[in-house]
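The values are calculated or read from the model by the stated rules, or taken from the named source; none is laboratory data. Every value quoted in this text rests on a predicted model; they were computed, and no experiment measured them. All Cβ positions, glycine included, derive from the backbone under ideal geometry; neighbour counts span all protein chains shown.
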Amino acid sequence: MKAALNQRRAGVLLHITSLPSRDLGQDAYFFVDFLKSTGVTVWQVLPLGLTHEDGSPYQSLSSHAGNPALINFKALVETGWLESHELCEVCGHSTFHHGCLLSKAFSGFQARASSIKKADFEEFCFSNAYWLDDFSLFMVLRQKFGLASWNTWSDEYKNRHSESLNDVRFFMKAAIKNVKFEQYIFFKQWAALKNYANERGVLLFGDIPIFVSYDSADVWANRDVFKLNDAGEMSVVAGVPPDYFSETGQRWGNPHYDWTYLHASDFEWWLERIQTQSKLFDIVRIDHFRGFESAWEIPATESTAIKGSWVLAEGDSLLAAITTKFSDVLLVAEDLGIITPEVNALRTKFNLPGMKILQFAFSGEFNNPYLPINHEKNSVVYTGTHDNDTTFGWVQNLTVEQQTFVQTVLNVTENDNITEAMMRCALNSVANLAILPMQDILELDSLSRMNTPGTTTGNWKWYFEWNQVSSKLATRLAKWIKEANR
């Protein structure tokens, strides 16, 4: 597997929620077939965790758990754990509706599943107990307190008094087991999709947000891992200083790591996190990799990210621990933003591919690392990521002078299709892996943008329809990939 990124490959970036059905059902399998038919051998998705109300997959309730909203219910009808009339009776895409169906499926599982399936469920619970026990307890308590953040719960639950938690485990045993069943179904459906993709030569490429949400099972159950005071509150929060995306920076609000504790505990919490992700994906991107060298700490009282400071991290020791324990794990470093020689040295030491974003290439400086002439083999090139505008939208927002410069670099004329030229430029880069967002393949404008950094509304909602994917489009993409020797 280590050699998988040492050859030229083409990939497509499309999150599961951007499929027409927005779940792990038949559309996901059709998409794998589409990728295989065009010569694409990598499917990149965003984090798969349970989101908060803003829908961001980068702020989830667990760094391990999958999002039950992605579960395909038709498959549960086929197993016999849901009745078809139950699927019709409970319709809609809300969390409430999903919860109702999953509860019905759990009842059906208990009543009709074979002894082999029940034993498989118990084995899943046992092998994932390192995160699943705390997560299921957290989710049940979260319901008890009206979905409020854990730091507002009653003291005995907020501070994990053992007697109170044991009472919950006893009196709410059924609800806890229901949460575990949801995760069992998610992981089974994901494993089936991964197996289908791998059998057709398609690798699944996942994403780990370097930080976790404060309101998460991770922080509630592992307070020592994070920089929190005795009351469990944050005095500093994560983010990035002003950059390309925002003049005031980005105040993410995540807790920072207590690297002294992590080092003393042999990075057990991080290694468990990698263990889960390595089951889900063939390749894993570390989002905000530079936070492994040093991270931007913002006083929690500040409303923007301007007044922060860089604080050193223990990324070298952590990566050594990861590569020692998981010899076959394929990691990619998201090395965008303010990258110092120290960050580059850390990435290079562990031979991790970095990222090249073509939309960042046209600053007018010929030492710009994103310019095609400055790409390197051990990297992943994109036209843009989920945080960028679509390439078509990006082009529309360029000035005439900027468009002219882009055309000059790409060696095209004003009559040529710049979006197409950008995609072909990415595919013809020396970078071993080239990733095209599905929006660019469909040549969609800014209305189809996935996310605008620094904003909390209107994001993560885009999805395509199959009538947008013509045979002509597939043939064209396959031709480009073949010509680029990918």
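If you check Gln407, Gln359 for being surrounded by fewer than 22 Cβ atoms within 10 Å (Cβ to Cβ) and farther than 23 Å from Ser18 by Cα, only one passes: Gln407.
If you go through the stretch 215-252, how many residues are acidic (Asp, Glu), surrounded by fewer than 20 Cβ atoms within 10 Å (Cβ to Cβ) and touching a helix residue (DSSP H, G or I) at 6+ places or on another chain (Cβ under 7 Å)?
2
Of the listed requirements (1) touching a Gly at 6+ places or on another chain (Cβ under 6 Å); (2) charged (D, E, K, R); (3) modelled with pLDDT of 95 or more, Asp316 misses just one: (1). In the set (1) touching a Leu at 6+ places or on another chain (Cβ under 7 Å); (2) among the aliphatic types (A, V, I, L, M); (3) surrounded by fewer than 20 Cβ atoms within 10 Å (Cβ to Cβ), Ala345 fails one condition alone, (1). List the pairs whose first member sits in the stretch 88-114 and is farther than 19 Å from Asp54 by Cα, whose second member is surrounded by fewer than 14 Cβ atoms within 10 Å (Cβ to Cβ) and at pLDDT 95 or above, and whose Cβ atoms are under 8 Å apart, counting only residues at least 6 apart or on separate chains? Pairs found: Phe109/Lys118.
Where in the stretch 118-208 are there helices (runs of 4 or more DSSP H), lying fully within it, with 3 or more residues that are within 30 Å of Met355 (Cα to Cα) and either over 22 Å from the mean Cα position of the chain (by Cα) or touching a residue at least 24 places away in the same chain (Cβ under 8 Å) (or both)?
Answer list for the stretch 118-208: 173-199.
Working only within the stretch 342-356, note down all residues that are out of contact with any helix residue (DSSP H, G or I) (no Cβ under 8 Å at 6 or more places or on another chain) and in a loop (DSSP other than H, G, I, E, B). The one that is out of contact with any helix residue (DSSP H, G or I) (no Cβ under 8 Å at 6 or more places or on another chain) and in a loop (DSSP other than H, G, I, E, B): Asn351. Exactly one residue among Asp416, Asp440, Asp387 is acidic (Asp, Glu), surrounded by 17 or more Cβ atoms within 10 Å (Cβ to Cβ) and closer than 25 Å to Asn485 by Cβ, and that residue is Asp440. For the condition assigned to a strand (DSSP E or B), touching a Leu at 6+ places or on another chain (Cβ under 9 Å) and buried (at least 19 other Cβ atoms within 10 Å of the Cβ), what is the one hit in Val32, Val12, Val40? Sole residue among the options that is assigned to a strand (DSSP E or B), touching a Leu at 6+ places or on another chain (Cβ under 9 Å) and buried (at least 19 other Cβ atoms within 10 Å of the Cβ): Val12. For Val395, the stated conditions hold: it is aliphatic (A, V, I, L, M), surrounded by 16 or more Cβ atoms within 10 Å (Cβ to Cβ), in contact with a helix residue (DSSP H, G or I) (Cβ under 8 Å, 6 or more places away or on another chain) and farther than 19 Å from Val40 by Cβ. In the set (1) acidic (Asp, Glu); (2) farther than 30 Å from Ile481 by Cα; (3) outside any loop (DSSP other than H, G, I, E, B); (4) in contact (Cβ under 8 Å) with a residue 60 or more places away in the chain, the condition left unmet by Asp54 is number (3).
Matching residues to (1) of a type in the set (D, E, K, R); (2) in contact with an Asp or Glu (Cβ under 7 Å, 6 or more places away or on another chain); (3) touching a residue at least 24 places away in the same chain (Cβ under 8 Å):
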residue: Thr301; (1), (2), (3): no, no, no
residue: Leu330; (1), (2), (3): no, yes, yes
residue: Val343; (1), (2), (3): no, yes, yes
residue: Phe350; (1), (2), (3): no, no, yes
residue: Gly354; (1), (2), (3): no, yes, yes
residue: Phe360; (1), (2), (3): no, no, yes
residue: Leu371; (1), (2), (3): no, no, yes
residue: Glu376; (1), (2), (3): yes, no, yes
residue: Ser379; (1), (2), (3): no, no, yes
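Annotation: Glu401 fulfils all but one of (1) at pLDDT below 95; (2) crowded, with 17+ Cβ neighbours inside 10 Å; the unmet one is (2).
Within the option set Leu13, Leu61, being in contact with a Lys or Arg (Cβ under 9 Å, 6 or more places away or on another chain) and closer than 20 Å to His288 by Cβ holds for one residue only, Leu61. Do we find a residue being in contact (Cβ under 8 Å) with a residue 24 or more places away in the chain, closer than 30 Å to Thr457 by Cβ and surrounded by fewer than 23 Cβ atoms within 10 Å (Cβ to Cβ) anywhere in the stretch 76-86? Within the stretch 76-86, not a single residue is in contact (Cβ under 8 Å) with a residue 24 or more places away in the chain, closer than 30 Å to Thr457 by Cβ and surrounded by fewer than 23 Cβ atoms within 10 Å (Cβ to Cβ).
Hey, among the residues in the stretch 327-342 that are modelled with pLDDT of 95 or more and of a type in the set (D, E, K, R), which one's surrounded by the most Cβ atoms within 10 Å (Cβ to Cβ)? Ranking the candidates gives Asp335 first.
Selection within the stretch 465-486: residues that are surrounded by fewer than 15 Cβ atoms within 10 Å (Cβ to Cβ) and of a type in the set (Lys, Arg). The member of this set that is nearest to Ser429 (Cα to Cα) is Lys482.
With the condition being over 30 Å from Tyr370 (Cα atoms), I'd like the strands (runs of 3 or more DSSP E) fully within the stretch 250-340 carrying at least 3 qualifying residues. Once the strands (runs of 3 or more DSSP E) in the stretch 250-340 are filtered for at least 3 residues that are over 30 Å from Tyr370 (Cα atoms), nothing remains.
Go through the stretch 209-245 and give me each residue that's in a strand (DSSP E or B), modelled with pLDDT of 95 or more and β-branched (Val, Ile, Thr). If the condition is that a residue be in a strand (DSSP E or B), modelled with pLDDT of 95 or more and β-branched (Val, Ile, Thr), then Val236, Val237 are the ones that fit. Of (1) modelled with pLDDT of 95 or more; (2) more than 30 Å from Thr390 (Cα to Cα); (3) not charged (D, E, K, R), Trp296 satisfies all except one. Which? The one condition Trp296 does not meet is (2).
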